[in-house]
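Notes to accompany the following structure.
The values are calculated or read from the model by the stated rules, or taken from the named source; none is laboratory data. Remember, it's a predicted structure, so these values are computed and weren't measured experimentally. Counting neighbours? That spans all protein chains shown, and the Cβs are built from the backbone with ideal geometry, glycine included.
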Amino acid sequence: SNKEALQRLDAAHHLHPFTDGRALQQKGTRVIERGEGVYLWDADGNRILDGMAGLWCVNLGYGRQELIEAADAQLRQLPYYNLFFQTTHPPAARLAATLAGLLPGDLHHLFFTGSGSECNDTVVRMVRHFWAERGRPERRVIISRNNAYHGSTLAGASLGGMKPMHGQGGLPLPDMVHIDQPYHFGEGRDTDPHAFGLERARQLERKILALGPERVAAFIGEPVQGAGGVIIPPDGYWPEIQRICQKYDVLLVMDEVICGFGRTGHWFASEYYGLAPDLLCMAKGITSGYQPLGAVAVGDRVAETLINGGEFFHGFTYSGHPVACAVAQACIEVMQREQVVERVRDDIGPYLQRRWASLGDHPLVGETRGLGLLAALELVADQATLQRFPTDTGAGLICREHCFEQGLVMRAVGDTMIISPPLVITHEQVDELVEKARRALDLTLSTLSN
Ligand code: PLP
C-alpha cells in the first residue's frame, strides 16, 4: 500500500529527531496525513485527538483559514527577505510592535529567530555581550535547572538539564551550571510544598555565592517545566528566584517557548507569576506552529546596552522570516478576536483541570496537577504509599501506546503522563480526552497485571 511504501522509504532514508532508530526499524512509523481542529487523521483513516497540540504549539488547532491566507498573501507579496544590515520588512516591524504591546514589564525590544533553541543560543550570546559591554566580561556563567528543556542546539542542550542529552556530545558547554528543579511529587513529596519550593529557590542563592556573584551572568528557567513533566512550581518559588536575581544583579531569563501565548491562561506566564524578566524567549504558539519562528524579548536595560554596543555579530538567515511573521500577526489577531487567552483562564482551563483531576481516583494515579491547558498525572505502583514502578517497567510508554489505540495523543515523560491540547478545544472534546485517558489507564492496569 501507499502507507507501507512510505514507511519503507522513511526507514531507509530518514533519521528522525528524538527517536530510537531500532524501534523505528522494527515497528515502523506512524503516518499522520491530515489535521482539522483538534483532530489528526493517520494513513489508516483513524481519527486521533491531539492532546499535545503537535509539540505544544498548534494552539489554534489545525486548518485555520486566517493563518493559511496570511501565509499565502505574504508568499505572493515578498516570500523572503532578510533583516541584516539595516533592513526591515513590514511583517517583522509590525510584529515586533505588536509583541511589545503584549509583553509584560519593559520587554519592549524583539530579536527574531527561527526556533526556541535559537532563542536560547541568542540569550547566551546576548547576556555575555551585555556584561562585556558593561565592563564585566567575567560575568559569563548561566545557571539553569536539572531536567529543564531549552532545545537541542549546543547551548540549548547545555542549558537544558536532560542528562541523556549531556551524555551525547560532551555537554554542557563551559560556564553553564544547574540547580535542582521544584518537582514536589518527584523529589519532595514528604515535605510541605511551600517550604520545598523556597528551599529549591534558595539553591540559586547558594550556587551564586559558591561561584562568586561576579561570575554569574543570568539565570534561565521555564515558568512551568514542560518537557521535564509539567512541573508546576509551588507558590513562593518564583518570587524567591526573582528576589535572589535582583539581590545579586543576575539577569532573569524566562523561557516561555511553551508557556507563552495563552497556554497557562495568560499571554505570558511571567504575568501570572508576577515576574519582570530581563529577557523572555518565545516560539511555538507564536504562529500556532504553522511557521517556524522564535523571538527573544529584551528589556530596556539590556536593549540599551546592545543598541549602543556596536554591531552584535549574531543572526540567522530566517530571523524574522516574513511569512512566519505574517502568520504570527494573524495568529495574535485571531487570539484577540476570539478571546482565546481569557477563555483558557476563565472557562476551558478550569474545566479541563476539574475533569483531569477526576482521574485522581484511578488506582494507577498518584497525583494530578496542571495550570491552564497544561496537565500531568503520575503513574504509581501503589496509590496508598505512592510508590513508583521500577524504571524498567516502562509504565508510561505502555500507557502512551494504549492512548494511541484509543485515538489520543498523550506524552509520557518516564511515568508522568502529560497533555497540552490546542487552546481551542471544546468542553465536549475535553470530556472525550479524559474518557480516553481513563480507558487507557484501565488498559495499562490490565497490561501491567498480566
Ligand atoms: N524551550 C522550551 C521550554 C521548549 O519546550 C522547547 C521545545 O520543546 C525549546 C526551548 C526548543 O524549541 P525548538 O524545538 O523550537 O528549538
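Determine whether segment 391-403 contains at least one residue that is touching a residue at least 60 places away in the same chain (Cβ under 8 Å), under 29 Å from P350 (Cβ atoms) and surrounded by fewer than 18 Cβ atoms within 10 Å (Cβ to Cβ).
No; the residues of segment 391-403 include none that is touching a residue at least 60 places away in the same chain (Cβ under 8 Å), under 29 Å from P350 (Cβ atoms) and surrounded by fewer than 18 Cβ atoms within 10 Å (Cβ to Cβ).
Across segment 139-176, what is the number of residues that are more than 28 Å from E199 (Cα to Cα) and assigned to a loop (DSSP other than H, G, I, E, B)?
Final tally of qualifying residues: 5.
Considering only segment 223-242, state which residues are more than 12 Å from the ligand (Cβ to nearest atom), touching a residue at least 40 places away in the same chain (Cβ under 8 Å) and at negative phi.
I232, P233, P234, D235, Y237, E240, I241
Of everything in segment 388-432, what is closer than 27 Å to E36 by Cα, in contact with a helix residue (DSSP H, G or I) (Cβ under 9 Å, 6 or more places away or on another chain) and of a type in the set (S, T, N, Q)? Give them in sequence order.
Q406, S420, T426
Yes or no, residue by residue, for (1) assigned by TED's automatic domain parsing to the domain that holds C281; (2) under 30 Å from P213 (Cβ atoms); (3) within 16 Å of the ligand (Cβ to nearest atom); (4) among the acidic types (D, E):
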{"residue": "W56", "(1), (2), (3), (4)": "no, no, yes, no"}
{"residue": "P90", "(1), (2), (3), (4)": "yes, no, no, no"}
{"residue": "L99", "(1), (2), (3), (4)": "yes, no, no, no"}
{"residue": "L102", "(1), (2), (3), (4)": "yes, no, no, no"}
{"residue": "H109", "(1), (2), (3), (4)": "yes, yes, no, no"}
{"residue": "S117", "(1), (2), (3), (4)": "yes, yes, yes, no"}
{"residue": "W131", "(1), (2), (3), (4)": "yes, yes, no, no"}
{"residue": "P137", "(1), (2), (3), (4)": "yes, yes, no, no"}
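If I go through segment 321-373 residue by residue, how many of them are of a type outside the set (G, A, S), touching a residue at least 24 places away in the same chain (Cβ under 8 Å) and within 16 Å of R438 (Cα to Cα)?
10
Inside segment 243-255, can you point out the residues that are in contact with a helix residue (DSSP H, G or I) (Cβ under 6 Å, 6 or more places away or on another chain) and within 15 Å of the ligand (Cβ to nearest atom)?
Result: V253, M254.
Among the listed residues L159, L204, which satisfies the condition of being in contact with a helix residue (DSSP H, G or I) (Cβ under 8 Å, 6 or more places away or on another chain) and within 16 Å of the ligand (Cβ to nearest atom)?
Matching residue, one of L159, L204: L159.
Which residue pairs have Cβ atoms under 9 Å apart, sit 6 or more places apart or on different chains, and have a first residue in segment 111-134 that is among the aromatic types (F, W, Y) and a second that is within 13 Å of the ligand (Cβ to nearest atom) and assigned to a helix (DSSP H, G or I)?
Listed by first residue and then by second, the contacts come to F111/C119; F111/T122; F112/A324.
Can you name every residue in segment 3-49 that is surrounded by fewer than 11 Cβ atoms within 10 Å (Cβ to Cβ), at positive phi and in the same structural domain as E428 (by TED's automatic domain parsing)?
G45 - this is the single residue of segment 3-49 that is surrounded by fewer than 11 Cβ atoms within 10 Å (Cβ to Cβ), at positive phi and in the same structural domain as E428 (by TED's automatic domain parsing).
Got a sec? Which of I220, I258 is buried (at least 21 other Cβ atoms within 10 Å of the Cβ), more than 30 Å from G37 (Cβ to Cβ), under 17 Å from the mean Cα position of the chain (by Cα) and touching a residue at least 24 places away in the same chain (Cβ under 8 Å)?
Being buried (at least 21 other Cβ atoms within 10 Å of the Cβ), more than 30 Å from G37 (Cβ to Cβ), under 17 Å from the mean Cα position of the chain (by Cα) and touching a residue at least 24 places away in the same chain (Cβ under 8 Å) holds for just one of I220, I258, which is I220.
Yes or no: segment 350-359 includes at least one residue that is touching a Pro at 6+ places or on another chain (Cβ under 7 Å) and either surrounded by 14 or more Cβ atoms within 10 Å (Cβ to Cβ) or outside the structural domain of A412 (by TED's automatic domain parsing) (or both).
no
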